[in-house]
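Asks: My structure is below; once you've seen it, I'll send some questions.
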């Protein structure tokens, strides 16, 4: 499969500036409390690594969680499956769940309820680089949103298609998918 990418939706510079802005907001809201960042793998790892470097708080912890929502790389099944759980104790901590993109909201809704019920943090905030509110099928609102986008199929800056295109330093949208013969 090959993708025909349209123009850049967000440049490397635009992303960097937005990530810095989000980091400042998170830092302000945490108000010098220790912060635990939970990164949703695999898509959010590039965004998360850039984001936490801009946080000026000496008491940061980082963990990851991984889910599966797709039957294959293109079609969502609607059922969230937990593939890797959190290792840290989150009880009474200020927790920020970092996601690359919120589409239907099913994954983040599941994760936020799961974390609140199992780990009982002081608070749980959701931070996403991209938000597609027009695709939402559950009641979910992120606390920190980088960019709100239309219903576009996007790749780059950690966001993949069939595990490809994550390495792009910018975000583009897919104009056409060409199937291999």
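Laboratory data are not the source of any read-out in this text; all were calculated from the coordinates shown. Source: prediction; values computed, not measured. With ideal geometry, Cβ positions are generated from the backbone for all residues, glycine too; neighbour counts draw on all protein chains shown.
Asks: Between residue 13 and residue 113, what is the spin-label point distance in nm, taking each point 7 Å from the Cα along the Cα→C-beta axis?
Replies: The answer from the label model is 4.4 nm.
Asks: Which value in nm describes the separation of the simple spin-label points at residue 151 and residue 21, placed 7 Å from the Cα toward the beta carbon?
Replies: In this crude spin-label approximation the distance works out to 2.6 nm.
Asks: At q = 0.14, 0.15, 0.16, 0.20 Å⁻¹, what base-10 log of I(q)/I(0) does the Debye formula yield for the chain when every alpha carbon is treated as an equal point scatterer in vacuo?
Replies: Normalising to I(0) and taking log10 leaves -0.75, -0.86, -0.98, -1.50.
Asks: Would any residue of region 128-160 have its amide N under 18 Å from a label point 7 Å out along Cα→Cβ of residue 49? List them or say none.
Replies: Only 129, 156-160 pass the distance filter.
Asks: Still on this structure, I have one more. Report the relative contact order of the chain, percent, no decimals, based on alpha-carbon pairs under 8 angstrom and at least 6 residues apart.
Replies: On the way: 358 pairs, mean separation 51.2, N = 181.
In percent, rounded to a whole number, it is 28.
Asks: When every alpha-carbon pair in region 20-121 is counted, what percent end up more than 24 Å apart?
Replies: Working: 1184 of 5151 pairs.
Everything past 24 Å amounts to 23 percent.
Asks: Another question, then. Starting from the Cα of residue 89, step 7 Å along the direction of its Cβ; do the same at residue 42; then give the gap between the two resulting points in nm.
Replies: 3.3 nm
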